[in-house]
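Here's the structure we're looking at; comments come further down.
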Amino acid sequence: GENVEQHPSTLSVQEGDSAVIKCTYSDSASNYFPWYKQELGKRPQLIIDIRSNVGEKKDQRIAVTLNKTAKHFSLHITETQPEDSAVYFCAASSGDKIIFGKGTRLHILP
Amino acid sequence: EAQVTQNPRYLITVTGKKLTVTCSQNMNHEYMSWYRQDPGLGLRQIYYSMNVEVTDKGDVPEGYKVSRKEKRNFPLILESPSPNQTSLYFCASSPYHYNEQFFGPGTRLTVL
């Protein structure tokens, strides 16, 4: 079946540094790629998304890049802050389904 | 307030005892989904619905049923729960599958 691989599973970065999380997908027809943030004990919430006709999208400290040829997309968080500590999930549309990656636990070190 | 609600939030039950987890959204969304979240496995789609009376299997549908008789409601039914269905369940809705999904608060289910 269709698959989304997400790496790394855990990431620790110093406060103020940048964090990058990468995902690859298998369905070349996928055209919607959201990123969700899940804080401890909370529900996932969308932080940014990108569609297949766009290569990059930014929202303040967060950016997403998409390489359709290579079938991968990445989340970039700059100037990380303690409140960025959470689990991040990438996802890709596949037909009518949404396939999620397994998540990345991001730790921001003081 | 625009929201997705789920009930119950916590449930402990025994093997084989039928249960239903309700999900309701007030945003007039077409697309609704159920996910289960297990440590190390991320969010896996159980079933989804594109519209009223239209439901389809996600990646892990075995042991689950759903119905979509009204646009706002999308209940998840476990006819004969087993311990491997112990998990955190999320309902979500969105205008269409290629839009932001709004998640409910989650239902933590334990099957003994």
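The values are calculated or read from the model by the stated rules, or taken from the named source; none is laboratory data. Treat the numbers as computed from the prediction; the structure is a model and nothing was measured. As a convention, Cβ positions derive from the backbone with ideal geometry for all residues, glycine included, and neighbour counts pool all protein chains shown. SASA here: full protein model, heavy atoms, side chains in, ligands and nucleic acids out. Shrake-Rupley method; radii C 1.70, N 1.55, O 1.52, S 1.80 Å.
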Mind checking which lysines have their C-alpha under 21 Å from A:K58, skipping anything on the same chain fewer than 8 residues away? A:K22, A:K37, A:K68, A:K71
Cleavage-rule hits (chymotrypsin sites (Phe, Trp or Tyr not before Pro)) in the range B:44-112: DSSP loop, at most 16 neighbouring Cβ within 10 angstrom: B:Y96
Summing +1 per Lys or Arg and -1 per Asp or Glu among the other residues with Cβ less than 14 Å from A:P110's Cβ gives -4
Need one value: the accessible area of A:T24 in square angstrom, 1.4 angstrom probe, rounded to the nearest 10. 60 Å²
Considering only protein heavy atoms, what is the solvent-accessible area of B:L112 at a probe of 1.4 Å, reported in Å² to the nearest 10? 120 Å²
Between the DSSP loop rule and a limit of at most 11 other Cβ atoms within 10 Å, which trypsin sites (Lys or Arg not before Pro) in the range B:63-96 are left? B:K69
Among all the lysines, which ones have a C-alpha under 19 Å from B:K18's C-alpha, if same-chain residues fewer than 8 places away are not counted? B:K65
Around B:N28, under 13 Å between beta carbons, what's the net of Lys plus Arg minus Asp minus Glu among the other residues? 0
Rounded to one decimal in nm, the spacing of the 7 Å Cα→Cβ label points at B:T20 and A:Q81 is 4.4 nm
FRET efficiency (B:Q3, A:L46; Cβ distance; R0 22 Å; to 0.05) is 0.90
Please list, ordered by chain and number, the residues whose modelled amide H lies under 5 Å from the amide H of A:A86; skip anything fewer than 5 residues away on the same chain. A:L106
If you plug each phi of the range A:14-22 into the Karplus form 6.51 cos²θ - 1.76 cosθ + 1.60 with θ = phi - 60°, what whole-Hz ³J(HN,Hα) values come out, in order, with x for Gly and Pro? 6, 3, x, 7, 9, 10, 10, 10, 10
Using only C-alpha positions, report the orientation-averaged shadow area of the convex hull of the protein assembly as shown, nm², one decimal. 12.2 nm²
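Please identify the longest segment of chain A free of exposed GluC sites (Glu not before Pro), where exposed means a DSSP state other than H, G, I, E or B and no more than 14 other Cβ atoms within 10 Å.
Details: sites that count: A:E15, A:E39, A:E79.
The reported range is A:40-78.
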Which FRET efficiency value, to the nearest 0.05, do you get for B:E30 and B:E79 by plugging their Cβ-Cβ distance into 1/(1 + (r/R0)^6) with R0 = 22 Å? 0.25
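Which net charge results when you count Lys and Arg as +1 and Asp and Glu as -1 among the other residues whose beta-carbon is under 9 Å from that of A:S85?
Within the 9 Å Cβ shell, the charges total -2.
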With the crude spin-label approximation of a point 7 Å out along Cα→Cβ, what separation in nm comes out for B:T13 versus B:V54? 2.9 nm
Phi to ³J(HN,Hα) by Karplus 6.51 cos²θ - 1.76 cosθ + 1.60 over the range A:82-94, Hz, x for Gly, Pro: x, 6, 7, 4, 4, 9, 10, 10, 8, 8, 9, 6, 9
